[in-house]
Amino acid sequence: MHEDLLAAMRQSIADGDQDAAKAAAQQAIDTGMDPLVAIDEGFVPGLSYVGACFTSGEMYLPDMMLAARAMKSAMAVLEPVLAENSATRRVRGRVVIGTVKGDIHEIGKNLVATMLSASGFEVVDLGVDVAPERFVAAAREHAADIVGVSALLTTTMTGQRTVVESLAAAGLRPDVKVIVGGAPVTKAWAAEIGADGYSEDAVGAVALASKIMEAAGAAQG
Ligand code: B1M
């Protein structure tokens, strides 16, 4: 049953079938499946499959767009439940998040934002294709503790370095910490560009942000 539903989720994304994706997400909720299991083991493998087919030339950009649309439909069903499940009232810190300039991938960034806000962080989501100046202005305006920068393309991940440099040039570093993530991003890259942390996934991003806030609290005594 569990495996059948996960397979249906993968298939709905591979087919780019919004209705099937929504129905599978709803079925996950109705049957008490953890929304994160549905995302990580059902829907994301569907997207990975589509990504691999795109690389090998078996699928084209419109297929990837349909898959993304189906994924977003499933997320619209799952994210409110995800937020509800882990809702906490304590504000643990303020995070400004966005996808770098030139990059319009948002699904992973949205998941990170949802998980952070569900875990008690105040999140200001700047969306996609965000210029470094906007990260700086928002960090200042919202007195951010952390700026989160997502990048999904090898050609746009350099934008993460620009954000780190722009925050420094604006005099906001090192008080504002920077965390980075996205499929091509690595821990080594984060270290190279002077970011304060890297996480592979949304759950890790919450742990990382929490660790940063604890360290900041300890430093203040
Ligand atoms: Co694009 N795309 N895409 N795409 N796309 C990839 C990334 C690609 C790997 C596909 C492939 O070739 N196999 C490839 C990049 C190759 C590279 O640079 N190495 C690629 C390409 C080439 C492109 C275009 C250039 C295609 C073209 O036009 N010829 C184009 C670029 C557009 C642009 O941005 N300027 C493009 C466009 C698109 C769509 C618009 C069709 C669509 C995005 C729609 C949308 O987001 N609204 C799309 C999609 C869907 C994908 C794939 C299939 C799926 C991405 C995704 O949502 N994954 C992707 C292939 C793949 O990843 N297997 C691909 C699911 C999501 C939950 O995972 O985003 O990795 P992810 O997020 C994870 C972690 O990375 C991490 O946590 C998240 C949750 O666990 N994480 C963070 C992410 N951000 C974080 C931030 C953090 C911490 C962790 O701290 C701040």
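For the stretch 181-206, a residue qualifies if it is at pLDDT 95 or above, in contact with a Gly (Cβ under 9 Å, 6 or more places away or on another chain) and not small (Gly, Ala, Ser), and the qualifying residues are Lys187, Tyr198, Glu200. Kindly indicate whether any position in the stretch 65-83 is in contact with a Phe, Trp or Tyr (Cβ under 7 Å, 6 or more places away or on another chain) and either within 16 Å of the ligand (Cβ to nearest atom) or among the acidic types (Asp, Glu) (or both). So far as the stretch 65-83 goes, yes, one or more of its residues are in contact with a Phe, Trp or Tyr (Cβ under 7 Å, 6 or more places away or on another chain) and either within 16 Å of the ligand (Cβ to nearest atom) or among the acidic types (Asp, Glu) (or both). Which pairs have Cβ atoms under 6 Å, sit 6 or more apart or on different chains, and link a residue in the stretch 188-202 that is assigned by TED's automatic domain parsing to the domain that holds Val176 and aromatic (Phe, Trp, Tyr) to one that is assigned to a helix (DSSP H, G or I) and within 12 Å of the ligand (Cβ to nearest atom)? Between residues of the stretch 188-202 that are assigned by TED's automatic domain parsing to the domain that holds Val176 and aromatic (Phe, Trp, Tyr) and residues that are assigned to a helix (DSSP H, G or I) and within 12 Å of the ligand (Cβ to nearest atom), the close pairs are Tyr198/Lys187; Tyr198/Ala190. If only residues of the stretch 147-174 that are free of Cβ contacts under 8 Å to residues at least 24 places away in the same chain and in a loop (DSSP other than H, G, I, E, B) are counted, the one that is farthest from Ala113 (Cα to Cα) is Gly171.
Being in a loop (DSSP other than H, G, I, E, B), within 13 Å of the ligand (Cβ to nearest atom) and crowded, with 23+ Cβ neighbours inside 10 Å narrows it down to one residue among Ala113, Ala144, Ala183; which is it? The unique qualifying residue is Ala144. Do we find a residue being open to solvent by 10 Å² or more (accessible area, probe 1.4 Å), touching a helix residue (DSSP H, G or I) at 6+ places or on another chain (Cβ under 6 Å) and assigned to a helix (DSSP H, G or I) anywhere in the stretch 126-140? Yes, the conditions are met somewhere in the stretch 126-140.
Mind checking whether some residue in the stretch 85-106 is more than 22 Å from Gly182 (Cβ to Cβ), of a type outside the set (Phe, Trp, Tyr) and assigned to a helix (DSSP H, G or I)? Within the stretch 85-106, one or more residues are more than 22 Å from Gly182 (Cβ to Cβ), of a type outside the set (Phe, Trp, Tyr) and assigned to a helix (DSSP H, G or I).
Residue selection: Gly102 satisfies the criterion of being assigned by TED's automatic domain parsing to the domain that holds Gly197, open to solvent by less than 70 Å² (accessible area, probe 1.4 Å) and near the ligand (Cβ under 6 Å from one of its atoms). Checked against (1) near the ligand (Cβ under 9 Å from one of its atoms); (2) over 26 Å from Ile39 (Cβ atoms); (3) of a type outside the set (Lys, Arg), Ile107 passes all but condition (2).
Against the criterion of being within 14 Å of the ligand (Cβ to nearest atom) and surrounded by fewer than 18 Cβ atoms within 10 Å (Cβ to Cβ), Glu200 qualifies. Listed by first and then second residue, the pairs linking a residue in the stretch 49-71 that is touching a residue at least 40 places away in the same chain (Cβ under 8 Å) and at negative phi to a residue that is within 8 Å of the ligand (Cβ to nearest atom) and among the β-branched types (Val, Ile, Thr), with Cβ atoms under 8 Å apart and 6 or more places separating them unless they lie on different chains, are Asp63/Val50; Ala67/Val50; Met71/Ile107. Summed over the stretch 47-66, the residues that are more than 15 Å from Ala183 (Cβ to Cβ) and surrounded by 19 or more Cβ atoms within 10 Å (Cβ to Cβ) give a count of 1. The set of residues in the stretch 33-71 being within 25 Å of Ser119 (Cα to Cα) and aromatic (Phe, Trp, Tyr) consists of Phe43 alone.
The values are calculated or read from the model by the stated rules, or taken from the named source; none is laboratory data. Here the structure is a predicted model, which means the values were calculated and not measured. FYI the Cβ positions are ideal-geometry reconstructions off the backbone, even for glycines, and counts take in every protein chain you see. The accessibility values were calculated without ligands, DNA or RNA, using every heavy atom of the protein model including side chains. Shrake-Rupley method; radii C 1.70, N 1.55, O 1.52, S 1.80 Å.
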